[in-house]
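The values are calculated or read from the model by the stated rules, or taken from the named source; none is laboratory data. Treat the numbers as computed from the prediction; the structure is a model and nothing was measured. Here the Cβ is made from the backbone with ideal geometry for all residues, glycine too, and neighbour counts use every protein chain on show. Ligands, DNA and RNA are excluded from the accessible area calculation, which covers all protein heavy atoms including side chains. Shrake-Rupley method; radii C 1.70, N 1.55, O 1.52, S 1.80 Å.
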Amino acid sequence: MTARVLVVDDSLPNRKLLEARLQDEYFEVLGAASAAEAITLAQRWSPDIILLDVLMPVMDGFEACRRLKAQPATAHIPVVMVTSLNDQSERVCGLDAGADDFLVKPVDQATLFARLRALLRVKQVLDAWRLRAETVRDLGFEPPSAPPEEFEGAKVLLLSDNVAEAAALSGALAADGMALEQFRDEKTVWARLQDPKAHYDLVLTSLPMPEGDPLRLASRLRAEAETRDLPLMLIADDEQRDLVLRAFELGASDHVLRPINEEELRARVRNQVRRRRYQLRLRAEFDRSLELAVTDGLTGLRNRRYVFRHLESLLRAGTACGVLMIDVDRFKPLNDYYGHAAGDAALREVAARLREHVRASDIVARYGGEEFLVVMSGAGAEETAVIAERLRVAIGDRPIDIGQAKLPVTVSIGSALAGNMTEAEALIAAADVAMYRAKALGRNRVEAATAADLRLPK
């Protein structure tokens, strides 16, 4: 997982050391020698993460973080504060200023990359929803406002068999109006999370777990659509560092170490609940505002107008993305022989299967007639190819029941990557050319756009 990282430190040796480590892991890195320079670069360059030194002259990291979080153009960028002082009061101050985490100098490499990847996963999801909100605005709808800065009624699920610790946690969170429910084993927690009437803003897991596996719980949360975006925070001892880092790789959102500082716990929990509610607000407002304006009436997918604007937004932002042009093979004979009602039923089932087998952040649209378009934010060549093949198999692996018959239906797919392209129309045209090549080569296959299709030099 690569990304753009802004490293802010007034010490040139410290800055260069962090830059070198990040570049060795193929991150794109830019450095800033002061807080003022960092704020300017963040607005112009739009990094994915900011590593921000705390102790700097003129403006320290706390003030810089507050200013970054106060500006709409930079408020969504995760900030990791880097400090030479491992002091809890300093961490609380930074978290209250909007920081997402702290790293202590000298920065441990394993911890650095585990935290970066965890924050990037969260940012990718939020970015996908923010881009959808931008599309809403482009279509003439008011974008959703930020949720109110209050936490009354938030529900936190705790997996722990430690009654005394649970009572202390419950008391700390109650100060912010949050309710905590304790469960003692992983099986019960998972059953509770599957209950459609149970709604939680955060899952807390206390290590060690006498029953169950915290890594398995993290993995299961991220694997299921209903819980994929639910934040997970770990409570651990310092000697459980390796387990915490592994949990970050599997999707954990944050952690707090024992002995637990109540103010730090509350600050970290507030950050997770705030992010969760903002995402839910984006999702709810998006669905409500666009249901009629940008939805295809037959399939329930997004329509051509919306997906084109969404792709334009991605390309404007310089976001890596892939597109798939998908055409139902031999649809006209099917429509002519069985009738339009049967053809419509087939298109609805194709749409349902496409929607079921893409990522949560992908957009599937009916582009026209029997053509569908998939736009995949952040997808590279390998991921685009894997998703395209998965969709081809999902359509062709079993017949479609149209009532009077069960029809074998297949699709031909053309894929194209944005690369350095900035025109949505040209990128879609390249995918279209590749799709027609798939048809010419026998149908029911995937073809990738070539340099000639993209009109780029070989």
Of LEU202, LEU131, HIS357, farthest towards positive along the dipole that unit charges on Lys, Arg, Asp, Glu beta carbons give the chain
HIS357
Using the per-residue mean of other Cβ atoms lying within 10 Å as a proxy for protection, in what order, highest first, do the peptides 51-61, 372-382 fall?
372-382, 51-61
What order do you get for 250-260, 432-442 when each peptide is scored by the mean count of other beta carbon atoms within 10 Å, highest first?
250-260, 432-442
If I stretch the segment between LEU280 and GLN23 completely, what's the gain in nm (0.36 nm per residue apart, minus their alpha carbon distance), one decimal?
89.1 nm
Taking the DSSP beta bridges in the chain as the whole, what percent of them are antiparallel, to the nearest 5?
35
If you wrap the stretch 360-458's Cα atoms in a convex hull and average its projection over all directions, what's the area in nm²?
7.3
If I compute Cα extents along the principal axes in Å from the structure I just sent, which labelled value in (i) 66, 53, 38; (ii) 73, 52, 40; (iii) 69, 46, 42 lines up?
(ii)
Farthest towards the positive end of the dipole of the chain, among ALA73, LEU311, MET178 and with Cβ unit charges of +1 on Lys and Arg and -1 on Asp and Glu, lies the Cα of LEU311
Only four residue types carry charge here, +1 at the Cβ of Lys and Arg and -1 at the Cβ of Asp and Glu. Report the dipole size of the chain about the Cα centre in Debye, rounded to the nearest 20.
1380
Given points 7 Å out from each Cα along the Cα-Cβ axis, report the ALA168 to ALA191 separation in nanometres with one decimal.
3.0
Using only Cα atoms, find the angle between the long axis of helix 381-396 and the longest principal axis of the chain, and express it within 0 to 90 degrees, rounded to the nearest 10.
50
Reachable aspartates and glutamates, given that their alpha-carbon falls under 14 Å from the alpha-carbon of LYS16 and they are not under 8 places away in the same chain
ASP24, GLU28, ASP53
Given the peptides 87-94, 408-415, 201-208, arrange them by the average over their residues of other C-beta atoms within 10 Å, most packed first.
408-415, 201-208, 87-94
Using heavy-atom solvent-accessible surface (probe 1.4 Å) with all chains present, what is the largest-first order of SER361, SER313?
SER361, SER313
So which lysines pass the test for LYS69, namely a Cα distance under 21 Å, with those fewer than 8 places away in the same chain ruled out?
LYS123
Return the lysines within reach of LYS332: Cα separation strictly under 16 angstrom, same-chain partners fewer than 8 residues apart disregarded; answer none if there are no such residues.
LYS439
